[in-house]
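The values are calculated or read from the model by the stated rules, or taken from the named source; none is laboratory data. Bear in mind that the values here come from a model prediction, so they are computed numbers and not experimental data. With ideal geometry, Cβ positions are generated from the backbone for all residues, glycine too; neighbour counts draw on all protein chains shown.
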Amino acid sequence: MSHYPQKTIVLANWKVHFSPQRAAQWCDEFLAAYRPLEHVEVVLAVPFFYLREIAERLQGIQGVSLAAQTVSPFPQGGYTGATPAAWLQGVVKYVLVGHQERRKYFHESSQDVARQALECLAEGLQPIVCVDQDTLSSQVAPFDYEQQDQLIWAYTPKDAVSLERSHSYGAIEETVRSMQTRVGGQPILYGGGVTSSNCRDLVDIDCIAGVMMGRGCLDATEFLKAFASIL
């Protein structure tokens with residue numbers, strides 16, 4: 001499996017903001033205006049509860065993929081409440097692992113995240129490993145060079161509630177380039193205060209492979225504006 005994104009990724013992380021009914025409405029609003037761009041891949045990170053329903057709604061839509069928001073660090077077996085990577089085959093292309101909210105609220109360690117990523121790779125899924133500057137070193141350590149080369153990394157600074165509050169574009173580029181030296185040089189996704197007004201400027205940074213949107217994606221129209229800004 002190649003880790004290297006073939007297209008610019010624009011990822012919408014719905015987190016758990018949407019009820020199943022609201023998720024369906026978002027998809028209807030999105031599909032009514034969506035027109036694929038050859039060089040951009042839309043990725044929707046969807047809760048487990050209605051993941052298959054959203055997959056059915058989007059079946060056959062060009063340029064759109066799904067991601068799970070997390071996954072079990074264990075295979076199928078006696079792990080009550082878990083969702084193993086094997087169950088996601090044929091439903092998602094990507095899986096987020098190590099999102100800062102999982103680390104903060106669910107106390108996931110770098111070893112937990114590494115096990116999640118390896119479970120994904122074993123089942124043919126592409127993990128997106130989320131890190132900030134504080135967690136990068138501990139997160140890289142559990143992987144050997146061959147495993148590192150199969151991962152997509154995402155820089156999600158925990159202080160970036162909004163881009164204005166976090167960093168300038170120059171500071172983001174400097175940080176991402178520094179991180180690249182630790183992860184084999186591949187491009188890195190950026191997530192932190194991404195909106196329709198700054199999406200284009202962020203993806204124009206050549207070491208950034210795409211963006212991850214949180215609050216900025218909750219309105220389908222605003223998300224489409226961000227997507228369409230990448231000419």
Can you work out which of the residues in region 19-49 that are aromatic (F, W, Y) and surrounded by fewer than 17 Cβ atoms within 10 Å (Cβ to Cβ) is nearest to the chain's Cα centre (by Cα)?
-> F48
For Q21, indicate whether it is modelled with pLDDT under 95 and among the polar types (S, T, N, Q).
-> no
Residue that is nearest to P47 (Cα to Cα), among those in region 64-77 that are surrounded by 17 or more Cβ atoms within 10 Å (Cβ to Cβ) and not polar (S, T, N, Q) = A68
Go through region 215-228 residue by residue and tally those that are surrounded by 23 or more Cβ atoms within 10 Å (Cβ to Cβ) and either farther than 20 Å from F18 by Cα or not aromatic (F, W, Y) (or both).
-> 4
Name the single residue, out of those in region 163-187 being at pLDDT below 90 and under 26 Å from F143 (Cβ atoms), that is nearest to the chain's Cα centre (by Cα).
-> P187
Could you please find all residues in region 77-100 being farther than 20 Å from L58 by Cβ and modelled with pLDDT of 95 or more?
-> G77, G78, Y79, T80, G81, A82, P84, A85, A86, V97, G98, H99
Verdict on I54 being over 17 Å from I128 (Cα atoms), surrounded by 15 or more Cβ atoms within 10 Å (Cβ to Cβ) and modelled with pLDDT of 95 or more = yes
Pairs only if they're at least six apart or on different chains, beta carbon under 8 angstrom, first in region 119-139 and within 16 Å of S65 (Cβ to Cβ) and at pLDDT 95 or above, second among the charged types (D, E, K, R) and not in a strand (DSSP E or B); list them, first residue then second.
-> L125/K93; Q126/K93
Subset tally (residues that are of a type in the set (V, I, T), farther than 20 Å from W14 by Cβ and touching a residue at least 40 places away in the same chain (Cβ under 8 Å)) for region 53-111 | 0
At positive phi and at pLDDT 95 or above - does that describe any residue in region 140-162?
-> no
Applying the selection to region 36-45, what residues are in contact (Cβ under 8 Å) with a residue 40 or more places away in the chain and either at positive phi or not small (G, A, S) (or both)?
-> L37, H39, V40, E41, V42, V43
Filter result (of a type in the set (G, A, S) and crowded, with 21+ Cβ neighbours inside 10 Å) within region 184-208 | G191, G192, G193
State yes or no: is L151 over 24 Å from P84 (Cα atoms), surrounded by 19 or more Cβ atoms within 10 Å (Cβ to Cβ) and not polar (S, T, N, Q)?
-> no
Restricting attention to region 111-136, and to residues there that are of a type in the set (D, E, K, R) and part of a loop (DSSP other than H, G, I, E, B), which single residue is surrounded by the fewest Cβ atoms within 10 Å (Cβ to Cβ)?
-> D134
Could you grab me the full set of residues in region 16-62 that are assigned to a loop (DSSP other than H, G, I, E, B) and closer than 24 Å to Q6 by Cβ?
-> Y34, R35, P36, L37, E38, H39, L58, Q59, G60, I61, Q62
